[in-house]
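First comes the structure, then the notes that go with it.
Only the coordinates and a few stated rules stand behind these numbers; no lab work does. Just so you know, these numbers come straight off a predicted model, no measurement behind them. Here the Cβ positions follow ideal geometry from the backbone for every residue, glycine too, while neighbour counts run over all protein chains shown.
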Amino acid sequence: MHPLLLPPALRFDRHDEAGAVTAEYAIATIAAVGFAALLVVVLRSDEVRGMLTDLIRHALALPA
């Protein structure tokens, strides 16, 4: 069906989405910053720091 034959409420106009990509980038950036902040909080905890230190020590240990 030709787009002009559709009722006005169902017509797709490309101008209706102006700025949508910018908004999507903004939302993705905010989500990434939130995830990075959460990662910093988790990595600063003593338990996680100890686990990572043990993992690195174990990985770098030379076989006997």
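Could you work out the Rg to Rh ratio of the range 22-64, with Rh taken as the Kirkwood radius (inverse of the mean 1/r over all Cα pairs)?
Details: Rg = 16.8 Å, Rh = 12.7 Å.
Result: Rg/Rh = 1.32.
FRET efficiency for L39 and A59, Cβ-Cβ distance as r, R0 = 25 Å, nearest 0.05? Can you show the working numbers first?
Details: r = 21 Å, r/R0 = 0.83.
Step by step, r from the Cβ atoms, then E = 0.75.
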